Amino acid sequence: MEADFWHSRWQEGRIGFHQNDVNGFLQNHWATLKLPEKSTVFVPLCGKSLDMLWLASLGHRVVGVELSEIAAQQFFAEQSVQPDVVKGDRFTSYSANNVTILCGDFFDLVATDLDGAVAVFDRAALIALPKDMRKRYAEHLRQLLSSGCQLLLVAMEYDESALSGPPFNVPWAEVSTLFDHQGELSIVTEQKADARGTPCLERLYRLIYG
Ligand SMILES: C[S@@+](CC[C@H](N)C(=O)[O-])C[C@H]1O[C@@H](n2cnc3c(N)ncnc32)[C@H](O)[C@@H]1O
C-alpha cells in the first residue's frame, strides 16, 4: 500500500482497523516477555492504537511510528493531552506521558530512533502491507533491533478468494519464511476471528531475535 492510500483513509475517517479496546492477545501474553518496567517498546505502524496507552500504563516507554499526523493528533486529543511536537528531517515527533509517535515512514527509521527498544508489538502492521513490502518490513525491523529483543506479532490466515487485503492473509508458512531465520520463532496461541466479515484464524507469534 502506498502512503497516499493510508493518508486518504485517515483524512476520510475510514479507520475500521482501529480497536476501541486494548488488544486481548497483548493483555493476556505481554507478561510472558518478562520485561523490566522502564523498557522501551516499539509499536510499528501504530495508528492511534490504545495498545500504546496500555503499555505506557505498565511503566514502559513507548515509541510508535505512523505515516499520518492525523492519527498522532487524534491519539493525544482523545486523552485530552497536549503533546510536545518537534519537526525533524525524517519525522515529526509527538510526545507526552511516555508515548512518542514518530510521524513519517517506517522504512526511514534507523536504530537510534527507537530509543533502545527491547520489545515490539505488531498488531495490524505486517498484515497491513502487500507481500513485497512484508519482506522489506521484516528485514528492516531486524536492522532496527538488537539480539535478544522480542517481538509479539499478530497475523491472520483466511481464504484469499473471499477477501483482498488489507488486512492481508499471512499464514504460518509466510511468517516462518520471513522471521524463522532471524531468531527463535514460536506460535503463542491462536483464535477464530473475522477479517472484515471473513472468518479467519488469528495467531500470536513470538520471536526472540538472535
Ligand atoms: C491497519 S492500520 C493499523 C494501526 C494500528 N497498528 C492498530 O492496531 O490500530 C496500519 C497503519 O499503518 C500506517 N502505515 C502504513 N504504512 C506505513 C509506513 N510505511 N510507515 C508508517 N506508518 C505506516 C497507516 O497509516 C495505518 O495507520
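Between Trp54, Trp10, the distinction of being within 16 Å of the ligand (Cβ to nearest atom), among the aromatic types (Phe, Trp, Tyr) and in contact with a Ser or Thr (Cβ under 6 Å, 6 or more places away or on another chain) belongs to Trp10 only. Can you confirm whether Ala195 is in contact (Cβ under 8 Å) with a residue 24 or more places away in the chain, more than 17 Å from Trp30 (Cα to Cα) and aliphatic (A, V, I, L, M)? Answer is yes for this residue. Selection of region 82-133 for residues being in a strand (DSSP E or B) and farther than 25 Å from Leu207 by Cα yields Asp84, Val85, Val86, Lys87, Thr92, Ser93, Tyr94, Ser95, Ala96, Cys103. Number of residues in region 1-16 that are surrounded by 14 or more Cβ atoms within 10 Å (Cβ to Cβ) and at pLDDT 95 or above: the value is 5.
Name the residue that is farthest from Cys103 (Cα to Cα), counting only residues in region 1-42 that are outside any helix (DSSP H, G or I) and of a type in the set (Ser, Thr, Tyr). In this case the residue turns out to be Ser39.
Can you find, within region 124-170, the residue that is nearest to the ligand (Cβ to nearest atom) among those that are buried (at least 21 other Cβ atoms within 10 Å of the Cβ) and among the aromatic types (Phe, Trp, Tyr)? Among those that are buried (at least 21 other Cβ atoms within 10 Å of the Cβ) and among the aromatic types (Phe, Trp, Tyr), it is Phe168. Among the residues of region 84-123, which ones are among the aromatic types (Phe, Trp, Tyr) and away from the ligand (no atom under 12 Å from the Cβ)? Across region 84-123, the qualifying residue is only Tyr94.
The values are calculated or read from the model by the stated rules, or taken from the named source; none is laboratory data. Computed from a prediction, not measured in an experiment: that's the story for all the values here. Every residue, glycine as well, gets a Cβ built from its backbone with ideal geometry; the counts of neighbours run over all protein chains shown.
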